[in-house]
Every structure is written in C-alpha cells, then in structure tokens.
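A short worksheet on the structure shown next.
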Amino acid sequence: MKKYLVDDAEYSVWGRGVGPILLFAHGFPFDGAIFEPVISRLCSEFLCVVPDLRGFGGSSLGANGHNPKGAPRVKMGRFADDLAILESEIVCERGDSPETTKIFLCGLSMGGYVSLAFARRRPERLAGLIFCDSNAAADSPEKAAERNNLAETIDRAGIPALADKMIPNLLSPKTLAEKPDVVATLREIIERQSPEAIAAGARGMAVRSDSTPFLPEISIPTLVLGGADDKLSPPDSLDAIAAAIPNATRATIPNAGHLPPLENPDAFADAILNWRETTFWSR
Ligand code: MLT
C-alpha cells in the first residue's frame, strides 16, 4: 500500500502487475478491497491501480471533502479529478509520457458515476472504460432525500445496521446462501468505513447530474458489465446504457448481484480479458 498526496487528500493506493494502467474506482460504501479477488487474474495484462477513494478505507477526506457549510460531501467530479491527478502521477513515476500514455478505467456503481465524470472531463486520457453495475441517470428527488437523510444521521454506531440493510440488496441469492466468506468480507469492508466518508459519498451522489445525454458522446471502447442478479442496476438498465454508447460491449456475470468482483471474480476477470483481446488485439 502506497500513499499519494492528491491535492489536499492523502490517498491510499495499492498496485500490482505489468502493462497499461487499469485504474479502479470502487462503489459505496466500500474501499478498494472489493476488487482484491480479481487483481491476481488481471495483473498479467495490466498494472492494476486500486485506490481507496477520498475519505474511504485508508484515504483521508481532506478539506475539499466538504461542502461550503463544512459538512462532508464529495461530488463525483471531485473523485474524478482526484483519479486524474493520481493516474498522471503514476504515469510519470513509471517514466511514461502523459501525452502518449492512456489508461483503462474501471468504475463500479458509485465508481461508475465517477468514471462517467472522468470520461466527460478527460476523454483523451482513456484507452478504454469498464462501466460496472452502475447507472447513468441522476437520483430521483426521493432517492436524493434518502441519501441526504443518511448523511445527516449516520454515526459509527449506526454502520452495522446500515450493513444489515444493504447486504441483502448487494449480493445475489446464491452468494447470500452459499458464500458466507464473501458476506463476511463485505460486512467487514462496510463496517470499517467512517461515518464522514459515508456522509460525504451519500451527499455527493445525491447531487450528481444526469449522464444519460452524455452516453452517445463516449467514443472510446467501453465494456458494460453487471451481475445477472443485480437489483440496484439490473441487466435491462445496463443493456440500455450499452445500447446508447457507440462502441460498447455488453457482458453479464452469472451468479453475481451488485458486486461481481467479490461474488464471481473469475467471470468478472474473464469478461475484462476477453473484451481487451477482442477489442484491442483484433484491429
Ligand atoms: C454503490 O454500490 O456504489 C451504490 O449502490 C451506488 C448508489 O447508491 O447509487
């Protein structure tokens, strides 16, 4: 695990592998550990760079992790700007030129919102986008209110109850019934997040804009991935997102809900490796 100063926040990042950079952006309220089970499969083809986003895991929230009133809030664009600073630092560290070196970006759920913000702001930095278990639309007013309420009320003692509420919706029935180790790992990941990070992410997601009109403008090769049993970003909604992106490939991961990298890591890694081979090597 390495520390990088990213603007005003200290980012905790681990990396492994060789080849082009594959930068990961995790979902909410998790940290980079949700990608841990797929890294050993992907590291022969990519330098996998796995940060904990601002405030989550081992990364600090920083002064810019707050809204003007001082309450924790990180907008998706802020996370995207952080990732841009981080990737250019790593590109330079490797002795590569930021002018000619492009990266792959894989964002899951909240990380998917971040990846769309990144693609909108810095399309020239991307060789490919992997959009997983996420949505393009903004929150409904009801959903935004629910998130703001969570941000106002969450404290350390409330996090186990939040995990209890979320886990049945995050994992597939098969994972819940047959993989107690995955359930336990997910619970551990949620329970180690700070209330400030949870509030910051919830408030940031509540104010994100609708990215649907932007989808047809994404010209880089994009893999749209999702668990077959994902209740939060169901397969038909991901089909529609893939249909709206000109150069998209769609893959569905069996026996997985919202978190395929934890639930079915081999199928998740295979989908990325197959996409890379068919999309980039066959030209
Ligand atoms: C996530 O996994 O990041 C969340 O489901 C995103 C959300 O709450 O919209």
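When the range 23-40 is limited to residues that are in a loop (DSSP other than H, G, I, E, B) and of a type outside the set (Phe, Trp, Tyr), the one that is nearest to the ligand (Cβ to nearest atom) turns out to be Gly27. Once the range 246-267 is narrowed to residues that are in contact (Cβ under 8 Å) with a residue 40 or more places away in the chain and more than 15 Å from the ligand (Cβ to nearest atom), the residue that is farthest from the chain's Cα centre (by Cα) is Asn255.
Regarding the range 224-242, can at least one residue be identified that is part of a loop (DSSP other than H, G, I, E, B), within 16 Å of the ligand (Cβ to nearest atom), hydrophobic (A, V, I, L, M, F, W, C) and modelled with pLDDT of 95 or more? Looking for residues that are part of a loop (DSSP other than H, G, I, E, B), within 16 Å of the ligand (Cβ to nearest atom), hydrophobic (A, V, I, L, M, F, W, C) and modelled with pLDDT of 95 or more, one finds at least one in the range 224-242, hence yes. When every residue of the range 97-116 is checked against the conditions, none turns out to be farther than 22 Å from Thr222 by Cβ and hydrophobic (A, V, I, L, M, F, W, C).
Filtered by the rule that a residue be in contact with a His (Cβ under 9 Å, 6 or more places away or on another chain) and of a type outside the set (A, V, I, L, M), the range 65-79 gives Pro72, Arg73. Taken over the range 11-22, the residue count meeting the criterion of being in a strand (DSSP E or B) and surrounded by fewer than 17 Cβ atoms within 10 Å (Cβ to Cβ) is 1. The range 107-221 holds helices (runs of 4 or more DSSP H) entirely within its bounds, and those carrying 1 or more residues that are within 11 Å of the ligand (Cβ to nearest atom) map to 110-121, 141-153, 159-170, 180-191, 195-206. When the range 41-72 is filtered for residues that are part of a loop (DSSP other than H, G, I, E, B), surrounded by 18 or more Cβ atoms within 10 Å (Cβ to Cβ), among the hydrophobic types (A, V, I, L, M, F, W, C) and in contact with a strand residue (DSSP E or B) (Cβ under 7 Å, 6 or more places away or on another chain), the ones remaining, listed by number, are Phe46, Leu53, Leu61.
Scan the range 76-83 and tell me whether some residue there is closer than 18 Å to Gly204 by Cα and not in a helix (DSSP H, G or I). No, the range 76-83 has no match at all. For Val49, the stated conditions hold: it is touching a Leu at 6+ places or on another chain (Cβ under 7 Å) and among the aliphatic types (A, V, I, L, M).
Among the conditions (1) within 23 Å of Leu126 (Cβ to Cβ); (2) out of contact with any strand residue (DSSP E or B) (no Cβ under 9 Å at 6 or more places or on another chain), Leu262 misses just one, which is (1). The requirement of being in contact with a Gly (Cβ under 6 Å, 6 or more places away or on another chain) and surrounded by 17 or more Cβ atoms within 10 Å (Cβ to Cβ) is fulfilled somewhere in the range 198-219, by at least one residue.
Residue-wise test of (1) surrounded by 20 or more Cβ atoms within 10 Å (Cβ to Cβ); (2) more than 19 Å from Asp52 (Cα to Cα); (3) in contact (Cβ under 8 Å) with a residue 60 or more places away in the chain.
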| position | (1), (2), (3) |
| --- | --- |
| Gly158 | no, yes, no |
| Ala163 | no, no, no |
| Pro180 | no, yes, no |
| Arg192 | no, no, yes |
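Only a single criterion out of (1) free of Cβ contacts under 8 Å to residues at least 60 places away in the same chain; (2) touching a Leu at 6+ places or on another chain (Cβ under 8 Å); (3) closer than 19 Å to Lys75 by Cβ is not satisfied by Gly17, namely (3). Residues that are in contact with a strand residue (DSSP E or B) (Cβ under 6 Å, 6 or more places away or on another chain), assigned to a helix (DSSP H, G or I) and surrounded by 16 or more Cβ atoms within 10 Å (Cβ to Cβ): does the range 92-106 have at least one? Checked against the condition, which is being in contact with a strand residue (DSSP E or B) (Cβ under 6 Å, 6 or more places away or on another chain), assigned to a helix (DSSP H, G or I) and surrounded by 16 or more Cβ atoms within 10 Å (Cβ to Cβ), the range 92-106 yields no hits at all.
The values are calculated or read from the model by the stated rules, or taken from the named source; none is laboratory data. Keep in mind it's a predicted model, so treat the numbers as computed, not measured. As a convention, Cβ positions derive from the backbone with ideal geometry for all residues, glycine included, and neighbour counts pool all protein chains shown.
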